[in-house]
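Novice: Sharing a structure, written as C-alpha coordinates. Questions coming.
The values are calculated or read from the model by the stated rules, or taken from the named source; none is laboratory data. Keep in mind that this is a model prediction, so the values were computed, not measured. Reconstructed Cβ throughout: ideal geometry from the backbone, glycine too, with neighbour counts over all protein chains shown. Ligands, DNA and RNA are excluded from the accessible area calculation, which covers all protein heavy atoms including side chains. Shrake-Rupley method; radii C 1.70, N 1.55, O 1.52, S 1.80 Å.
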Amino acid sequence: MSTPSLDQVNAALATVNDPEIKRPITDLGMVESVDVGPDGRVAVTVLLTVSGCPMRDTITREVTAALMGVPGVLSVDVNLGVMSDEQRAGLQDVLRGGRPQRDIPFSQPDSLTKVLAVASGKGGVGKSSLTVNLALAMAKQGRKVGIVDADIYGHSVPAMLGIADARPTQVEDMIMPVPTPSGVSVISIGMLKPRRDQVVAWRGPMLDRALVQMLADVYWGDLDVLLLDLPPGTGDVAISLGQHLPNAEVVVVTTPQEAAAEVAERAGTMASMMHQRVVGVVENMSFLPCPHCGPEHRLEIFGSGGGARVAATLSERFGYDVAVLGEVPLDMSLREGGDSGKPIVESDPTSPAALELVRIATALDGRGRALAGRQLGLTPTSKF
Ligand SMILES: Nc1ncnc2c1ncn2[C@@H]1O[C@H](COP(=O)(O)OP(=O)(O)O)[C@@H](O)[C@H]1O
Ligand SMILES: [Mg+2]
Ligand SMILES: [Zn+2]
(Lines give C-alpha, C1' and ligand atoms only; values in the text may rest on other atoms or scores of the structure.)
(Ligands and ions follow the chains in the order given, each with its own letter.)
Protein backbone atom coordinates (compact mmCIF):
# COMPACT_ATOMS: atom_id res chain seq x y z
CA MET A 1 0.00 0.00 0.00
CA SER A 2 1.50 3.33 -1.05
CA THR A 3 1.46 6.39 1.18
CA PRO A 4 -1.03 8.99 -0.07
CA SER A 5 0.76 11.99 -1.52
CA LEU A 6 0.44 15.31 0.24
CA ASP A 7 -0.24 17.00 -3.10
CA GLN A 8 -3.21 14.77 -3.75
CA VAL A 9 -4.48 15.32 -0.23
CA ASN A 10 -4.22 19.09 -0.64
CA ALA A 11 -5.89 18.94 -4.03
CA ALA A 12 -8.76 16.98 -2.48
CA LEU A 13 -9.10 19.53 0.32
CA ALA A 14 -9.27 22.29 -2.27
CA THR A 15 -12.46 20.73 -3.64
CA VAL A 16 -14.24 21.32 -0.34
CA ASN A 17 -16.05 24.63 -0.14
CA ASP A 18 -17.01 26.33 3.08
CA PRO A 19 -20.78 25.81 3.02
CA GLU A 20 -21.50 29.43 3.84
CA ILE A 21 -18.74 31.28 2.04
CA LYS A 22 -18.81 28.87 -0.90
CA ARG A 23 -15.10 29.07 -1.57
CA PRO A 24 -12.46 26.36 -1.06
CA ILE A 25 -11.49 25.95 2.58
CA THR A 26 -7.87 25.96 1.44
CA ASP A 27 -8.25 29.49 0.03
CA LEU A 28 -9.86 30.73 3.20
CA GLY A 29 -7.05 29.75 5.54
CA MET A 30 -9.34 27.23 7.20
CA VAL A 31 -6.99 24.25 6.90
CA GLU A 32 -4.62 24.58 9.82
CA SER A 33 -2.73 21.32 9.50
CA VAL A 34 -2.61 18.17 7.44
CA ASP A 35 -0.92 15.03 8.65
CA VAL A 36 -0.48 12.13 6.27
CA GLY A 37 0.60 8.88 7.87
CA PRO A 38 2.35 6.01 6.06
CA ASP A 39 -0.50 3.72 7.07
CA GLY A 40 -3.08 5.64 5.01
CA ARG A 41 -4.39 7.63 7.95
CA VAL A 42 -4.92 11.32 7.35
CA ALA A 43 -5.54 13.81 10.13
CA VAL A 44 -6.74 17.30 9.23
CA THR A 45 -7.42 20.27 11.45
CA VAL A 46 -10.00 22.65 10.03
CA LEU A 47 -10.55 26.05 11.61
CA LEU A 48 -14.14 27.22 11.71
CA THR A 49 -14.87 30.90 11.33
CA VAL A 50 -16.77 31.00 14.62
CA SER A 51 -17.23 28.53 17.42
CA GLY A 52 -20.55 26.73 17.34
CA CYS A 53 -20.51 27.13 13.57
CA PRO A 54 -23.79 25.61 12.37
CA MET A 55 -21.95 23.94 9.49
CA ARG A 56 -19.60 21.74 11.58
CA ASP A 57 -21.18 18.48 10.46
CA THR A 58 -21.27 19.48 6.82
CA ILE A 59 -17.60 20.41 6.81
CA THR A 60 -16.57 17.22 8.59
CA ARG A 61 -18.60 15.10 6.20
CA GLU A 62 -17.36 16.81 3.05
CA VAL A 63 -13.71 16.82 4.10
CA THR A 64 -13.94 13.13 4.95
CA ALA A 65 -15.63 12.28 1.66
CA ALA A 66 -13.10 14.26 -0.38
CA LEU A 67 -10.11 12.66 1.34
CA MET A 68 -11.46 9.13 1.18
CA GLY A 69 -11.39 9.55 -2.60
CA VAL A 70 -7.60 9.97 -2.58
CA PRO A 71 -5.75 6.74 -3.48
CA GLY A 72 -4.11 5.22 -0.44
CA VAL A 73 -6.24 7.01 2.15
CA LEU A 74 -7.77 4.46 4.51
CA SER A 75 -9.06 6.65 7.29
CA VAL A 76 -9.70 10.33 7.91
CA ASP A 77 -9.65 12.16 11.18
CA VAL A 78 -11.14 15.66 11.09
CA ASN A 79 -10.42 17.93 14.03
CA LEU A 80 -12.31 21.18 14.25
CA GLY A 81 -10.80 24.32 15.72
CA VAL A 82 -11.83 27.95 15.72
CA MET A 83 -10.07 30.88 14.06
CA SER A 84 -8.38 33.47 16.21
CA ASP A 85 -9.44 37.10 15.87
CA GLU A 86 -6.38 37.70 13.75
CA GLN A 87 -7.16 34.80 11.43
CA ARG A 88 -10.73 36.02 11.05
CA ALA A 89 -9.53 39.49 10.16
CA GLY A 90 -7.28 37.91 7.55
CA LEU A 91 -10.22 35.96 6.13
CA GLN A 92 -12.25 39.13 5.95
CA ASP A 93 -9.52 40.77 3.87
CA VAL A 94 -9.53 37.80 1.51
CA LEU A 95 -13.30 38.01 1.11
CA ARG A 96 -13.38 41.72 0.52
CA GLY A 97 -10.81 41.26 -2.22
CA GLY A 98 -9.33 44.63 -1.34
CA ARG A 99 -12.63 46.48 -1.71
CA PRO A 100 -13.18 49.12 0.91
CA GLN A 101 -15.97 48.47 3.36
CA ARG A 102 -19.50 49.71 2.80
CA ASP A 103 -19.33 49.46 -0.98
CA ILE A 104 -22.37 47.78 -2.41
CA PRO A 105 -20.85 45.36 -4.92
CA PHE A 106 -24.08 45.14 -6.95
CA SER A 107 -24.12 48.83 -7.83
CA GLN A 108 -20.54 48.91 -9.09
CA PRO A 109 -20.26 49.51 -12.83
CA ASP A 110 -18.35 46.24 -13.28
CA SER A 111 -20.92 44.13 -11.43
CA LEU A 112 -22.17 41.14 -13.41
CA THR A 113 -25.00 40.35 -11.03
CA LYS A 114 -28.51 40.86 -12.28
CA VAL A 115 -30.53 42.55 -9.54
CA LEU A 116 -34.27 41.85 -9.63
CA ALA A 117 -36.56 43.56 -7.14
CA VAL A 118 -39.99 42.01 -6.70
CA ALA A 119 -42.55 44.71 -5.88
CA SER A 120 -46.30 44.91 -5.41
CA GLY A 121 -48.87 47.47 -4.47
CA LYS A 122 -50.31 45.51 -1.60
CA GLY A 123 -49.53 42.50 0.54
CA GLY A 124 -50.85 39.00 0.08
CA VAL A 125 -50.60 38.97 -3.71
CA GLY A 126 -47.81 36.37 -3.76
CA LYS A 127 -44.68 38.49 -3.88
CA SER A 128 -42.69 36.29 -1.52
CA SER A 129 -43.98 33.10 -3.13
CA LEU A 130 -42.84 34.43 -6.49
CA THR A 131 -39.45 35.49 -5.12
CA VAL A 132 -38.56 32.12 -3.61
CA ASN A 133 -39.83 30.12 -6.57
CA LEU A 134 -37.98 32.26 -9.11
CA ALA A 135 -34.84 31.89 -7.00
CA LEU A 136 -35.11 28.11 -6.87
CA ALA A 137 -35.96 27.85 -10.55
CA MET A 138 -32.91 29.92 -11.47
CA ALA A 139 -30.69 27.94 -9.09
CA LYS A 140 -31.90 24.75 -10.77
CA GLN A 141 -30.86 26.25 -14.08
CA GLY A 142 -27.35 26.50 -12.69
CA ARG A 143 -27.36 30.12 -11.55
CA LYS A 144 -25.85 31.36 -8.33
CA VAL A 145 -28.74 33.10 -6.64
CA GLY A 146 -29.11 35.22 -3.52
CA ILE A 147 -32.25 36.59 -1.90
CA VAL A 148 -32.55 39.73 0.20
CA ASP A 149 -35.79 39.62 2.11
CA ALA A 150 -36.42 43.32 2.64
CA ASP A 151 -40.07 43.03 3.57
CA ILE A 152 -40.16 44.90 6.85
CA TYR A 153 -43.75 43.84 7.50
CA GLY A 154 -43.60 40.19 6.56
CA HIS A 155 -40.09 38.76 6.21
CA SER A 156 -41.57 35.41 5.26
CA VAL A 157 -38.85 34.26 2.87
CA PRO A 158 -36.84 32.17 5.38
CA ALA A 159 -39.92 30.18 6.45
CA MET A 160 -40.89 29.59 2.82
CA LEU A 161 -37.42 28.11 2.23
CA GLY A 162 -37.42 25.98 5.37
CA ILE A 163 -34.79 28.02 7.22
CA ALA A 164 -37.08 29.95 9.55
CA ASP A 165 -34.86 29.55 12.58
CA ALA A 166 -31.51 30.00 10.89
CA ARG A 167 -29.28 32.88 11.85
CA PRO A 168 -26.41 34.16 9.74
CA THR A 169 -22.84 33.57 10.86
CA GLN A 170 -20.79 36.67 11.44
CA VAL A 171 -17.07 36.92 10.71
CA GLU A 172 -15.82 40.13 12.28
CA ASP A 173 -18.21 42.68 10.80
CA MET A 174 -19.00 40.58 7.75
CA ILE A 175 -22.17 38.53 7.64
CA MET A 176 -22.51 35.18 5.87
CA PRO A 177 -25.86 34.67 4.14
CA VAL A 178 -27.76 31.56 5.20
CA PRO A 179 -27.45 28.77 2.63
CA THR A 180 -30.51 26.69 1.78
CA PRO A 181 -30.33 23.03 0.74
CA SER A 182 -31.08 24.11 -2.84
CA GLY A 183 -28.03 26.34 -2.88
CA VAL A 184 -29.76 29.71 -2.68
CA SER A 185 -28.25 32.18 -0.18
CA VAL A 186 -30.62 34.19 1.97
CA ILE A 187 -30.52 37.23 4.20
CA SER A 188 -33.71 38.48 5.76
CA ILE A 189 -34.21 41.77 7.50
CA GLY A 190 -35.73 39.67 10.27
CA MET A 191 -32.30 38.10 10.85
CA LEU A 192 -30.80 41.49 11.69
CA LYS A 193 -32.91 41.95 14.77
CA PRO A 194 -30.84 41.54 17.93
CA ARG A 195 -33.44 39.15 19.30
CA ARG A 196 -35.95 37.10 17.38
CA ASP A 197 -38.96 38.06 19.44
CA GLN A 198 -38.10 41.71 19.27
CA VAL A 199 -40.47 43.98 17.41
CA VAL A 200 -38.55 46.50 15.39
CA ALA A 201 -40.24 49.36 13.61
CA TRP A 202 -37.94 49.62 10.63
CA ARG A 203 -38.03 53.23 9.57
CA GLY A 204 -35.90 56.06 8.23
CA PRO A 205 -32.15 55.94 8.85
CA MET A 206 -32.30 52.65 10.75
CA LEU A 207 -34.07 50.99 7.88
CA ASP A 208 -31.60 52.43 5.43
CA ARG A 209 -28.73 51.14 7.54
CA ALA A 210 -30.27 47.66 7.64
CA LEU A 211 -30.67 47.61 3.86
CA VAL A 212 -27.11 48.75 3.23
CA GLN A 213 -25.95 46.13 5.71
CA MET A 214 -27.76 43.38 3.79
CA LEU A 215 -26.16 44.53 0.54
CA ALA A 216 -22.68 45.63 1.60
CA ASP A 217 -21.77 43.78 4.80
CA VAL A 218 -23.09 40.43 3.65
CA TYR A 219 -20.58 38.29 1.81
CA TRP A 220 -22.55 37.28 -1.28
CA GLY A 221 -19.70 36.01 -3.38
CA ASP A 222 -20.15 36.14 -7.14
CA LEU A 223 -23.87 35.95 -7.73
CA ASP A 224 -25.53 35.66 -11.11
CA VAL A 225 -28.82 36.92 -9.75
CA LEU A 226 -29.84 38.80 -6.61
CA LEU A 227 -33.58 38.81 -5.91
CA LEU A 228 -35.10 41.30 -3.49
CA ASP A 229 -38.45 40.75 -1.86
CA LEU A 230 -39.68 44.29 -1.21
CA PRO A 231 -42.39 45.30 1.22
CA PRO A 232 -45.69 46.13 -0.46
CA GLY A 233 -46.32 49.70 -1.51
CA THR A 234 -44.13 52.68 -2.14
CA GLY A 235 -42.51 53.36 1.21
CA ASP A 236 -39.05 53.94 2.65
CA VAL A 237 -37.60 50.67 1.38
CA ALA A 238 -38.39 51.49 -2.23
CA ILE A 239 -36.72 54.88 -1.82
CA SER A 240 -33.65 53.50 -0.07
CA LEU A 241 -33.21 50.77 -2.64
CA GLY A 242 -33.66 53.24 -5.45
CA GLN A 243 -30.80 55.24 -4.02
CA HIS A 244 -28.50 52.30 -3.36
CA LEU A 245 -29.39 50.07 -6.30
CA PRO A 246 -30.41 52.31 -9.18
CA ASN A 247 -29.51 49.51 -11.60
CA ALA A 248 -32.10 47.13 -10.11
CA GLU A 249 -34.75 45.81 -12.45
CA VAL A 250 -38.24 45.60 -11.04
CA VAL A 251 -40.87 42.88 -11.42
CA VAL A 252 -44.35 44.01 -10.42
CA VAL A 253 -46.73 41.41 -8.99
CA THR A 254 -50.47 41.85 -9.06
CA THR A 255 -53.63 39.78 -8.87
CA PRO A 256 -56.28 40.07 -11.61
CA GLN A 257 -58.35 42.41 -9.44
CA GLU A 258 -58.96 46.00 -10.45
CA ALA A 259 -58.03 47.38 -7.01
CA ALA A 260 -54.82 45.37 -6.83
CA ALA A 261 -53.85 46.50 -10.31
CA GLU A 262 -54.27 50.14 -9.42
CA VAL A 263 -51.91 50.00 -6.44
CA ALA A 264 -49.48 47.83 -8.41
CA GLU A 265 -49.24 50.60 -11.01
CA ARG A 266 -48.21 53.00 -8.27
CA ALA A 267 -45.46 50.66 -7.12
CA GLY A 268 -44.21 50.43 -10.70
CA THR A 269 -44.23 54.18 -11.14
CA MET A 270 -42.30 54.57 -7.91
CA ALA A 271 -39.59 52.25 -9.21
CA SER A 272 -39.33 54.24 -12.38
CA MET A 273 -39.05 57.49 -10.43
CA MET A 274 -36.06 55.91 -8.70
CA HIS A 275 -34.59 55.26 -12.18
CA GLN A 276 -35.12 51.53 -11.91
CA ARG A 277 -36.39 49.72 -14.95
CA VAL A 278 -39.64 47.79 -14.70
CA VAL A 279 -39.01 44.60 -16.66
CA GLY A 280 -42.44 43.09 -16.47
CA VAL A 281 -45.60 42.18 -14.62
CA VAL A 282 -46.56 38.85 -13.14
CA GLU A 283 -50.23 38.19 -12.61
CA ASN A 284 -50.59 35.79 -9.71
CA MET A 285 -53.69 33.88 -8.61
CA SER A 286 -54.79 34.45 -12.20
CA PHE A 287 -57.38 31.70 -12.33
CA LEU A 288 -58.34 28.38 -10.88
CA PRO A 289 -58.09 25.55 -13.38
CA CYS A 290 -61.60 24.06 -13.51
CA PRO A 291 -61.66 20.85 -11.47
CA HIS A 292 -64.14 19.39 -13.98
CA CYS A 293 -63.01 20.49 -17.44
CA GLY A 294 -59.27 21.04 -16.76
CA PRO A 295 -57.03 24.06 -17.30
CA GLU A 296 -58.76 25.09 -20.54
CA HIS A 297 -61.65 26.30 -18.42
CA ARG A 298 -60.35 29.08 -16.20
CA LEU A 299 -62.39 29.98 -13.15
CA GLU A 300 -61.68 33.65 -12.61
CA ILE A 301 -61.94 33.81 -8.83
CA PHE A 302 -60.30 37.22 -8.54
CA GLY A 303 -61.64 38.70 -11.76
CA SER A 304 -59.47 39.15 -14.80
CA GLY A 305 -57.22 41.53 -16.65
CA GLY A 306 -55.17 42.99 -13.75
CA GLY A 307 -51.80 41.94 -15.15
CA ALA A 308 -52.53 43.15 -18.65
CA ARG A 309 -53.87 46.41 -17.32
CA VAL A 310 -50.79 47.13 -15.19
CA ALA A 311 -48.49 46.25 -18.09
CA ALA A 312 -50.38 48.52 -20.50
CA THR A 313 -50.50 51.44 -18.07
CA LEU A 314 -46.81 51.21 -17.21
CA SER A 315 -45.79 50.81 -20.87
CA GLU A 316 -47.65 53.96 -21.72
CA ARG A 317 -46.35 55.86 -18.72
CA PHE A 318 -42.69 54.97 -19.24
CA GLY A 319 -42.55 54.85 -23.02
CA TYR A 320 -41.03 51.38 -23.17
CA ASP A 321 -42.55 47.95 -23.36
CA VAL A 322 -43.52 46.45 -20.02
CA ALA A 323 -44.69 42.91 -20.73
CA VAL A 324 -46.87 40.48 -18.83
CA LEU A 325 -44.25 37.87 -17.97
CA GLY A 326 -46.72 35.23 -16.94
CA GLU A 327 -49.96 34.25 -15.29
CA VAL A 328 -49.60 31.96 -12.31
CA PRO A 329 -52.76 30.01 -11.53
CA LEU A 330 -54.17 29.41 -8.08
CA ASP A 331 -52.76 26.17 -6.80
CA MET A 332 -53.19 24.54 -3.44
CA SER A 333 -49.72 23.03 -3.54
CA LEU A 334 -48.20 26.48 -4.04
CA ARG A 335 -49.65 27.55 -0.70
CA GLU A 336 -48.72 24.26 0.95
CA GLY A 337 -45.19 24.47 -0.42
CA GLY A 338 -44.78 27.91 1.13
CA ASP A 339 -46.11 26.77 4.48
CA SER A 340 -43.94 23.66 4.62
CA GLY A 341 -40.71 25.34 3.51
CA LYS A 342 -40.57 23.50 0.19
CA PRO A 343 -41.62 25.81 -2.63
CA ILE A 344 -43.75 24.41 -5.42
CA VAL A 345 -41.05 24.38 -8.12
CA GLU A 346 -39.35 21.75 -5.95
CA SER A 347 -42.27 20.04 -4.24
CA ASP A 348 -44.59 19.77 -7.26
CA PRO A 349 -42.50 20.68 -10.29
CA THR A 350 -44.94 19.39 -12.90
CA SER A 351 -47.94 21.36 -11.63
CA PRO A 352 -49.15 24.10 -14.00
CA ALA A 353 -48.20 26.81 -11.45
CA ALA A 354 -44.64 25.47 -11.10
CA LEU A 355 -44.23 25.22 -14.88
CA GLU A 356 -45.38 28.81 -15.28
CA LEU A 357 -43.00 29.98 -12.53
CA VAL A 358 -40.09 28.22 -14.23
CA ARG A 359 -41.08 29.79 -17.54
CA ILE A 360 -41.06 33.25 -15.92
CA ALA A 361 -37.66 32.56 -14.35
CA THR A 362 -36.26 31.54 -17.71
CA ALA A 363 -37.67 34.63 -19.41
CA LEU A 364 -36.20 36.94 -16.76
CA ASP A 365 -32.85 35.21 -16.81
CA GLY A 366 -32.63 35.02 -20.57
CA ARG A 367 -32.90 38.77 -20.89
CA GLY A 368 -29.27 39.02 -19.82
CA ARG A 369 -27.96 42.13 -18.22
CA ALA A 370 -27.51 44.22 -21.31
CA LEU A 371 -26.24 47.75 -20.92
CA ALA A 372 -29.07 48.84 -23.16
CA GLY A 373 -31.50 47.75 -20.49
CA ARG A 374 -29.92 49.90 -17.85
CA GLN A 375 -30.73 53.45 -17.09
CA LEU A 376 -27.63 55.48 -16.70
CA GLY A 377 -29.23 58.08 -14.49
CA LEU A 378 -31.54 59.29 -17.23
CA THR A 379 -35.28 59.27 -16.93
CA PRO A 380 -37.04 57.88 -19.96
CA THR A 381 -39.76 60.40 -20.65
CA SER A 382 -40.68 59.59 -24.19
CA LYS A 383 -40.21 57.13 -27.01
CA PHE A 384 -37.71 57.93 -29.67
N1 LIG B 1 -50.93 31.11 -6.99
C2 LIG B 1 -51.23 30.82 -5.73
N3 LIG B 1 -52.07 29.81 -5.42
C4 LIG B 1 -52.38 29.52 -4.13
N5 LIG B 1 -51.92 30.18 -3.07
C6 LIG B 1 -51.06 31.21 -3.30
C7 LIG B 1 -50.67 31.58 -4.63
N8 LIG B 1 -49.82 32.62 -4.53
C9 LIG B 1 -49.66 32.88 -3.22
N10 LIG B 1 -50.43 32.04 -2.47
C11 LIG B 1 -50.57 32.04 -1.01
O12 LIG B 1 -51.07 33.30 -0.62
C13 LIG B 1 -50.49 33.75 0.57
C14 LIG B 1 -49.80 35.10 0.34
O15 LIG B 1 -48.71 34.92 -0.53
P16 LIG B 1 -47.29 35.63 -0.25
O17 LIG B 1 -46.34 35.11 -1.25
O18 LIG B 1 -46.93 35.55 1.18
O19 LIG B 1 -47.73 37.13 -0.62
P20 LIG B 1 -46.96 38.53 -0.34
O21 LIG B 1 -45.53 38.26 -0.19
O22 LIG B 1 -47.29 39.36 -1.55
O23 LIG B 1 -47.59 39.09 0.90
C24 LIG B 1 -49.51 32.68 0.99
O25 LIG B 1 -50.12 31.85 1.92
C26 LIG B 1 -49.23 31.92 -0.29
O27 LIG B 1 -48.90 30.57 -0.07
MG1 LIG C 1 -44.33 38.61 1.48
ZN1 LIG D 1 -65.35 23.69 -16.11
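Novice: Kindly indicate whether any position in region 167-182 is within 16 Å of ligand 2 (Cβ to nearest atom) and either surrounded by 22 or more Cβ atoms within 10 Å (Cβ to Cβ) or closer than 27 Å to THR234 by Cα (or both).
Specialist: Pass one, region 167-182, residues within 16 Å of ligand 2 (Cβ to nearest atom): none.
The answer is no; no qualifying residue exists.
Here is a yes/no grid of residues against (1) open to solvent by 20 Å² or more (accessible area, probe 1.4 Å); (2) among the hydroxyl-bearing types (Ser, Thr, Tyr); (3) away from ligand 2 (no atom under 16 Å from the Cβ); (4) at pLDDT below 90:
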{"position": "LYS193", "(1), (2), (3), (4)": "yes, no, yes, yes"}
{"position": "PRO205", "(1), (2), (3), (4)": "yes, no, yes, yes"}
{"position": "LEU228", "(1), (2), (3), (4)": "no, no, no, no"}
{"position": "GLY233", "(1), (2), (3), (4)": "yes, no, no, yes"}
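Novice: Yes or no: region 145-163 includes at least one residue that is more than 27 Å from GLN198 (Cβ to Cβ) and either buried (at least 23 other Cβ atoms within 10 Å of the Cβ) or in contact with an Asp or Glu (Cβ under 8 Å, 6 or more places away or on another chain) (or both). Before you say what the answer is, go through the steps one by one.
Specialist: So the first thing to find is which residues in region 145-163 are more than 27 Å from GLN198 (Cβ to Cβ), and the list is 145.
Filter once more, so that each one left must be either buried (at least 23 other Cβ atoms within 10 Å of the Cβ) or in contact with an Asp or Glu (Cβ under 8 Å, 6 or more places away or on another chain) (or both): 145.
Checked against the condition, which is being more than 27 Å from GLN198 (Cβ to Cβ) and either buried (at least 23 other Cβ atoms within 10 Å of the Cβ) or in contact with an Asp or Glu (Cβ under 8 Å, 6 or more places away or on another chain) (or both), region 145-163 yields at least one hit.
Novice: To continue, here is another question. List pairs: first in region 291-304 and open to solvent by less than 80 Å² (accessible area, probe 1.4 Å), second near ligand 3 (Cβ under 9 Å from one of its atoms) and part of a loop (DSSP other than H, G, I, E, B), Cβ under 9 Å, 6+ apart or cross-chain?
Specialist: Qualifying pairs under 9 Å: LEU299/PRO291.
Novice: Quick test for you: out of ASP339, ASP321, pick the one residue that is surrounded by fewer than 20 Cβ atoms within 10 Å (Cβ to Cβ) and within 16 Å of ligand 2 (Cβ to nearest atom).
Specialist: Numbers: ASP321 fails: within 16 Å of ligand 2 (Cβ to nearest atom).
Sole residue among the options that is surrounded by fewer than 20 Cβ atoms within 10 Å (Cβ to Cβ) and within 16 Å of ligand 2 (Cβ to nearest atom): ASP339.
Novice: Could you please give the count of residues in region 32-55 that are closer than 23 Å to VAL73 by Cα and surrounded by 20 or more Cβ atoms within 10 Å (Cβ to Cβ)?
Specialist: First pass over region 32-55, keeping only residues closer than 23 Å to VAL73 by Cα: 32-47.
Going one step further and asking which of them are surrounded by 20 or more Cβ atoms within 10 Å (Cβ to Cβ), we end up with 36, 42, 44, 46-47.
Of the residues in region 32-55, 5 are closer than 23 Å to VAL73 by Cα and surrounded by 20 or more Cβ atoms within 10 Å (Cβ to Cβ).
Novice: Out of GLY90, GLY81, GLY123, I need the residue that is within 16 Å of ligand 2 (Cβ to nearest atom) and surrounded by 13 or more Cβ atoms within 10 Å (Cβ to Cβ). Which one? Even if it seems obvious, please write down each step before you answer.
Specialist: Working: GLY90 fails: within 16 Å of ligand 2 (Cβ to nearest atom); GLY81 fails: within 16 Å of ligand 2 (Cβ to nearest atom).
When all the criteria are applied, what remains is GLY123.
Novice: Taking strands (runs of 3 or more DSSP E) that fall entirely within region 122-201, which contain at least 2 residues that are under 16 Å from the mean Cα position of the chain (by Cα) and within 16 Å of ligand 1 (Cβ to nearest atom)? It would help to see each step written out before you state the result.
Specialist: Working: elements: 145-149, 169-171, 174-176, 185-188.
Qualifying strands (runs of 3 or more DSSP E): 145-149, 185-188.
Novice: Can you tell me how many residues within region 289-341 are of a type in the set (Gly, Ala, Ser) and assigned to a loop (DSSP other than H, G, I, E, B)?
Specialist: Step one: filter region 289-341 for residues of a type in the set (Gly, Ala, Ser), giving 294, 303-308, 311-312, 315, 319, 323, 326, 333, 337-338, 340-341.
Narrowing the set further to residues that are assigned to a loop (DSSP other than H, G, I, E, B) leaves 303-305, 319, 341.
Final tally of qualifying residues: 5.
So that you can scan it fast, the table gives a plain yes or no per residue for (1) out of contact with any helix residue (DSSP H, G or I) (no Cβ under 8 Å at 6 or more places or on another chain); (2) within 16 Å of ligand 1 (Cβ to nearest atom):
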position: LEU299; (1), (2): yes, yes
position: GLY303; (1), (2): no, yes
position: ALA311; (1), (2): yes, no
position: ASP321; (1), (2): no, no
position: GLY326; (1), (2): no, yes
position: SER340; (1), (2): no, yes
position: ALA361; (1), (2): no, yes
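Novice: Also: Run down PRO329, PRO349 and say which single residue is at pLDDT 95 or above and open to solvent by 20 Å² or more (accessible area, probe 1.4 Å). Working first, answer last.
Specialist: Details: PRO329 fails: open to solvent by 20 Å² or more (accessible area, probe 1.4 Å).
Criteria check complete, one pass: PRO349.
Novice: Residues of region 320-352 being of a type in the set (Asp, Glu) and touching an Asp or Glu at 6+ places or on another chain (Cβ under 7 Å), which ones?
Specialist: Matches in region 320-352: GLU327 only.
Novice: In region 256-290, which residue that is within 16 Å of ligand 2 (Cβ to nearest atom) and under 24 Å from THR350 (Cβ atoms) is most open to solvent (accessible area, probe 1.4 Å)? Lay out the reasoning, then the answer.
Specialist: Applying the first criterion (within 16 Å of ligand 2 (Cβ to nearest atom)) to region 256-290 yields 260, 263-264, 267, 282, 284-285.
Those still in the list that are under 24 Å from THR350 (Cβ atoms) too: 282, 284-285.
Details: VAL282: 1, ASN284: 15, MET285: 43 Å².
Among residues in region 256-290 that are within 16 Å of ligand 2 (Cβ to nearest atom) and under 24 Å from THR350 (Cβ atoms), the one most open to solvent (accessible area, probe 1.4 Å) is MET285.
Novice: Given the structure, is GLY242 open to solvent by less than 10 Å² (accessible area, probe 1.4 Å) and under 30 Å from VAL184 (Cα atoms)? Before the answer, list the steps.
Specialist: Details: open to solvent by less than 10 Å² (accessible area, probe 1.4 Å): yes; under 30 Å from VAL184 (Cα atoms): yes.
Yes, satisfied.
Novice: Does PRO256 satisfy the criteria of being in contact (Cβ under 8 Å) with a residue 60 or more places away in the chain and within 12 Å of ligand 1 (Cβ to nearest atom)?
Specialist: Numbers: in contact (Cβ under 8 Å) with a residue 60 or more places away in the chain: no; within 12 Å of ligand 1 (Cβ to nearest atom): yes.
It is false that PRO256 is in contact (Cβ under 8 Å) with a residue 60 or more places away in the chain and within 12 Å of ligand 1 (Cβ to nearest atom).
Novice: Does VAL263 count as part of a helix (DSSP H, G or I), out of contact with any Cys (no Cβ under 8 Å at 6 or more places or on another chain) and at pLDDT below 95? Give the steps one after another, and end with the answer.
Specialist: Numbers: part of a helix (DSSP H, G or I): yes; out of contact with any Cys (no Cβ under 8 Å at 6 or more places or on another chain): yes; at pLDDT below 95: yes.
For VAL263, the condition - part of a helix (DSSP H, G or I), out of contact with any Cys (no Cβ under 8 Å at 6 or more places or on another chain) and at pLDDT below 95 - is met.
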